[in-house]
1. Taking the conditions exactly as written (without any contact (Cβ under 8 Å) to a residue 40 or more places away in the chain, within 19 Å of the chain's Cα centre (by Cα), surrounded by fewer than 17 Cβ atoms within 10 Å (Cβ to Cβ) and more than 15 Å from VAL23 (Cα to Cα)), does ASP139 satisfy them or not?
2. Please go through the range 177-190 and give me each residue that is over 26 Å from the mean Cα position of the chain (by Cα) and in a loop (DSSP other than H, G, I, E, B), ordered by number.
3. Name, by its number, the condition in (1) touching a residue at least 40 places away in the same chain (Cβ under 8 Å); (2) out of contact with any Gly (no Cβ under 9 Å at 6 or more places or on another chain); (3) farther than 20 Å from VAL10 by Cα that does not hold for THR80.
4. Those residues that are in contact (Cβ under 8 Å) with a residue 60 or more places away in the chain and in a helix (DSSP H, G or I), I need them from the range 104-116; list them, please.
5. Report yes if ALA198 is part of a helix (DSSP H, G or I), more than 28 Å from the chain's Cα centre (by Cα) and among the small types (Gly, Ala, Ser), otherwise no.
6. In the range 117-176, which residues are under 30 Å from LEU204 (Cα atoms), modelled with pLDDT under 90 and not in a helix (DSSP H, G or I)?
7. Would you pick out the residues in the range 117-136 that are within 21 Å of ALA34 (Cα to Cα), free of Cβ contacts under 8 Å to residues at least 40 places away in the same chain and of a type outside the set (Lys, Arg)?
Amino acid sequence: MKYYPIFLNVKDRPCLVVGGGRVGARKTATLVSAGASVTVVSPEFGDQLAAMPGIQREHRFFDPKDLEGVFLVFAATSDTAVNQWILAEAQKAGVLCNSADAPDQGDFILPAVMSRGDLICAVSTSGASPALARKIRMDLDQAYGPEYAAFLELMRAVREKLLGSGHDPDEHQQIFRAMMKKNLPGLLAANDIHAVDAILYELLGTGFEVKDLIPQ
């Protein structure tokens, strides 16, 4: 099956998780971290979901009416027949659904994800080998350390300042290519802020210092 790769903005969107166990907890945690408005429906809740803040818990069995106004749903119960029922009801309601025990039958699957601040790398083998997806994600973990989060924060701040000053957008690409060639992530990893400031001055002139762009 060919999947369409996409990053969804679920901030403040109503999302539903059916299932109160460990699988449901994992799905819920990823939605909460993305800012979704999450409702979890289950007759019982494991320790993780029982203690998880920022969610709405419904202590009961799933009802198809739970899908009304929902952006997406995870069918994450321990009962395959119930998950299939939720999937069928979601498809009738036009709601995107992921079935935890049969992801290939749902509308979307979840990739293995490596994140460093604004840097998000998602790896999928289209369900053929989750183990390989995890391995590649671990390789990315090694290749892109925490310094890339700081680097992207710096790049964003520079871009916003340039746009705010009326700088020609056509020249931005050249500046950012030059910044990429200067190994700024490595300098940030070494906490060599003086060297970073020197590069910013070389490329951008005055008014572009790390302490002002990304204050701690």
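The values are calculated or read from the model by the stated rules, or taken from the named source; none is laboratory data. This is a predicted model, so every value here is computed, not measured. Backbone-built Cβ (ideal geometry, glycine too); neighbour counts: all protein chains shown.
1. Working: without any contact (Cβ under 8 Å) to a residue 40 or more places away in the chain: yes; within 19 Å of the chain's Cα centre (by Cα): yes; surrounded by fewer than 17 Cβ atoms within 10 Å (Cβ to Cβ): yes; more than 15 Å from VAL23 (Cα to Cα): yes.
So ASP139 passes the test.
2. Answer for the range 177-190, where residues must be over 26 Å from the mean Cα position of the chain (by Cα) and in a loop (DSSP other than H, G, I, E, B): LYS182, ALA190.
3. Result: THR80 fails condition (1) only.
4. Answer for the range 104-116, where residues must be in contact (Cβ under 8 Å) with a residue 60 or more places away in the chain and in a helix (DSSP H, G or I): just ASP104.
5. Values: part of a helix (DSSP H, G or I): yes; more than 28 Å from the chain's Cα centre (by Cα): yes; among the small types (Gly, Ala, Ser): yes.
Taking the combined requirement at face value, the residue satisfies it.
6. SER165, GLY166, HIS167, ASP168
7. Step one: filter the range 117-136 for residues within 21 Å of ALA34 (Cα to Cα), giving 117-124, 134.
Keeping just the survivors that are free of Cβ contacts under 8 Å to residues at least 40 places away in the same chain gives 117-119, 121, 123, 134.
Residues satisfying the conditions are GLY117, ASP118, LEU119, CYS121, VAL123.
The rows are residues; the columns are (1) touching a residue at least 24 places away in the same chain (Cβ under 8 Å); (2) farther than 24 Å from ALA122 by Cβ; (3) touching a strand residue (DSSP E or B) at 6+ places or on another chain (Cβ under 9 Å).
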site: ARG22; (1), (2), (3): yes, no, no
site: GLU44; (1), (2), (3): yes, yes, no
site: GLN48; (1), (2), (3): yes, no, no
site: ASP66; (1), (2), (3): yes, yes, yes
